[in-house]
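Step one of this worksheet: look at the structure below.
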Amino acid sequence: MTSPATTSTSRWARGVVLPVAAVLAVMVFALNSSGYVVTVIGFAAIYAIFVTGLNFFMGYTGQASFGQNAFAALGGYGSAILSGNYYWDPLLALVVSMAFAGVVAAIVGYPTLKLRGHYLAMATFALGLITYEISIEWTGLTSGYMGISGIPPLGVGRYELGTEKQMLVALTAFLLLGVWISTRLRDSRFGRALRAIAGSEPAAQALGINVARYKLMAFVVAALYASCAGSLFAHFVGFISPEVFGGAMVIQSFTMLFLGGIGTTWGPVIGALMVLMLPEFLRGLKELQDVVYSCVLVMILIFAPKGLAGLVALIPTRRAPAAPRPAEAK
Amino acid sequence: MGKSDMALLSVQNVTMRFGGLVANDRVSFDVPEGALFAVIGPNGAGKTTLFNIISGFFPPSEGQVVFAGDTITGLPQHAVASRGLIRTYQLVQLFKDLTVRENVAVGCHRVTRGGIPAALFTPGWARKQEAEVERRSRELLDFVGLGAQADMAADKLPYGQQRLLEVARALAADPKLLLLDEPAAGLNTQETAALADVIQRVNARGVTVLLVEHDMSLVMKVAQRIAVIDFGKKIAEGTPAEIKAHPDVIAAYLGGTETADA
Ligand SMILES: Nc1ncnc2c1ncn2[C@@H]1O[C@H](COP(=O)(O)OP(=O)(O)OP(=O)(O)O)[C@@H](O)[C@H]1O
Ligand SMILES: [Mg+2]
């Protein structure tokens, strides 16, 4: 049986080896570049983690959340406070913050996810706004607009990732682990149930899938990613403020998701990198920069509805040609 | 008592009101284990409403549904389904982004297990289970005659085959009772015949089938017993021969908007 073996090998090469190699290549490129490039690529890795979680909830499960920034804020502030004020081990602070964000997601999601469509979108958007307000008003804990600075870098025990470049290696590892986990979850009984819900809730329900519970689990998974990204941001930059996790984050992450390719494995990674790098490439255009940036985004969304990852998948030697379109039934 | 002990499904005085409209009016019937039972009636008679109540899509205003000896009235639909009462919808409800085979694999949800930990760590039993899901999906696709289309995107199937896929997907859940809501709607004669054949073979496998259908030729051909609903009320019940000769049924169909074939 050569044919299944070759197709699975080529899929492995195309779906895993190639993208991982590309991610590592970008990392190596950054490691050999100036500090500024390191910072931008680091942000891209953090955003890619955040958007991978968003993709899990929106792409695979087919639900909309405009409030994932709330969980990034929980992670960021959790890590900042626990490791900054209480001198916890940063990695422990990150994990504990994630657990907290997961619990909050479960509590908030339980009533919220009974809502559908626009209502769910609005409820989650409100969640982001509320968290934003809290991070401004609860000055005793968050220092309000001032933000929290002097957050220690990531580290384990005595080992501290003192430089940005060391941090970048860790961020890349987190990202690859995150993508791996998300893919594993998708390609399982659990993930199949989520994708079924995205396709038809009534049909999923009728086959014994507890739709509300599965949606809630997907929401919690996405929140864990968001929280992890928030924590990593805090440790990478050493400073957070309410603005970091504000509405701009929501818009930014949506752009990344749709540009990179919603519902695809590597779309979030490609999207994060593109959205953060594009302005750098366009810098030479001076005042035309924003116009060209917007045009490029719109063009990609029009001509590649599955995003850039979808374009990559179109490059030849994939699958057998699509089956001829059968005559539509009346 | 005795009689309902025998029945796999017992619908008891089910009434459903939508505001002033009575969509089901004290409907009762029993579906014995192993039967191929049909519910017929003109457009808007309340057949889908009855299916929605039986399957737990919504609870009835009054009345009870007893399945395999347990009262299931008011249970959420996924809980009813996990007991082995699986329904299809009048309008095709495929998982469009999944392949034909994956659609059937989702059907296996009820008879498999494993959540996030199993997905992450894929222990031996989970891998074995996935292989079994794959095997079973292909077998069921062969059973309904879609074996060759297994790797196609589900929404690329012609309509007639989409209906067959829904049956295969429902069978994957290993139903004790299969509810089919107008499975032949929109099919041509040839496709209807293929579907009738599948339904009969499903029943022969030991699956009890409750069928709502407009297509009288299909019903008369496959059903062993028929209940007729008109304006929410059950007006007759019996064998196909009895139903054909029943004066109220003839009146309901001649007086209604029904024509031989749409
Ligand atoms: N959710 C609902 N809310 C209000 N009215 C409803 C609802 N569902 C059904 N009805 C009404 O109940 C009546 C019965 O509808 P139902 O769909 O059960 O009929 P049916 O026998 O399945 O018809 P068809 O053969 O056209 O599928 C109709 O008058 C319909 O308009
Ligand atoms: Mg109907």
For this session: Restrict the check to region B:138-146 and report whether at least one residue is under 29 Å from B:LEU187 (Cβ atoms), more than 9 Å from every other protein chain (Cβ to nearest Cβ) and touching a Gly at 6+ places or on another chain (Cβ under 7 Å).
Result: yes
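Residues that are open to solvent by less than 70 Å² (accessible area, probe 1.4 Å) and either at pLDDT 90 or above or in contact with a helix residue (DSSP H, G or I) (Cβ under 8 Å, 6 or more places away or on another chain) (or both): which helices (runs of 4 or more DSSP H) entirely in region A:1-75 hold 1 or more of them?
Working: elements: A:2-12, A:18-31, A:35-55.
Answer list for region A:1-75: A:18-31, A:35-55.
When only residues in region B:9-53 that are of a type in the set (A, V, I, L, M) and more than 23 Å from B:MET220 (Cβ to Cβ) count, which is nearest to ligand 2 (Cβ to nearest atom)? Before the answer, list the steps.
Let us first name the residues in region B:9-53 that are of a type in the set (A, V, I, L, M), namely B:9, B:11, B:14, B:16, B:21-23, B:27, B:31, B:35-36, B:38-40, B:45, B:50, B:53.
When the remaining residues are screened for being more than 23 Å from B:MET220 (Cβ to Cβ), the result is B:14, B:16, B:21-23, B:53.
Numbers: B:VAL14: 16, B:MET16: 13, B:LEU21: 15, B:VAL22: 16, B:ALA23: 10, B:ILE53: 13 Å.
Here the residue is B:ALA23.
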Exercise. Given (1) within 30 Å of B:ILE54 (Cβ to Cβ); (2) surrounded by fewer than 21 Cβ atoms within 10 Å (Cβ to Cβ); (3) facing chain B (nearest Cβ under 8 Å), where does A:GLY208 come up short, assuming only one miss?
Worked result: (2)
For this session: List every residue pair whose Cβ atoms lie under 8 Å apart, where the two residues are 6 or more positions apart in sequence or sit on different chains, the first residue falls within region B:103-119 and is closer than 21 Å to B:LEU146 by Cβ and open to solvent by 50 Å² or more (accessible area, probe 1.4 Å), and the second residue, located anywhere, is assigned to a loop (DSSP other than H, G, I, E, B) and of a type outside the set (Lys, Arg).
Result: B:ARG110/A:LEU207; B:ARG110/A:GLY208; B:ARG110/B:GLY84; B:ARG110/B:ALA173; B:ARG110/B:ASP174; B:VAL111/B:ALA173; B:VAL111/B:ASP174
For this session: Count, please, the residues in region B:84-105 that happen to be facing chain A (nearest Cβ under 7 Å), of a type in the set (A, V, I, L, M) and more than 17 Å from the chain's Cα centre (by Cα).
Result: 2
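Going through B:LEU211, B:LEU187 one at a time, which residue ends up being touching a Phe, Trp or Tyr at 6+ places or on another chain (Cβ under 9 Å), in the same structural domain as B:THR48 (by TED's automatic domain parsing), open to solvent by 10 Å² or more (accessible area, probe 1.4 Å) and within 16 Å of ligand 1 (Cβ to nearest atom)?
On inspection, the qualifying residue turns out to be B:LEU187.
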For this session: Taking only region A:104-126 into account, find how many residues are among the aliphatic types (A, V, I, L, M), open to solvent by 100 Å² or more (accessible area, probe 1.4 Å) and either in a loop (DSSP other than H, G, I, E, B) or in contact with a strand residue (DSSP E or B) (Cβ under 8 Å, 6 or more places away or on another chain) (or both).
Result: 0
Exercise. Given (1) in the same structural domain as B:ILE229 (by TED's automatic domain parsing); (2) within 16 Å of ligand 2 (Cβ to nearest atom), where does B:LEU91 come up short, assuming only one miss?
Worked result: (1)
Exercise. Between a first residue in region B:42-57 that is in contact (Cβ under 8 Å) with a residue 24 or more places away in the chain and a second residue that is of a type in the set (Phe, Trp, Tyr) and near ligand 1 (Cβ under 7 Å from one of its atoms), which pairs have beta carbons less than 9 Å apart while being 6 or more apart in sequence or on different chains?
Worked result: B:THR49/B:PHE18
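The values are calculated or read from the model by the stated rules, or taken from the named source; none is laboratory data. These figures come from a predicted structure and were not determined experimentally. Positions of Cβ are backbone-derived with ideal geometry, glycine not excepted, and every protein chain shown enters the neighbour counts. What goes into the accessible areas is simple: the full protein's heavy atoms, side chains included, and nothing from ligands, DNA or RNA. Shrake-Rupley method; radii C 1.70, N 1.55, O 1.52, S 1.80 Å.
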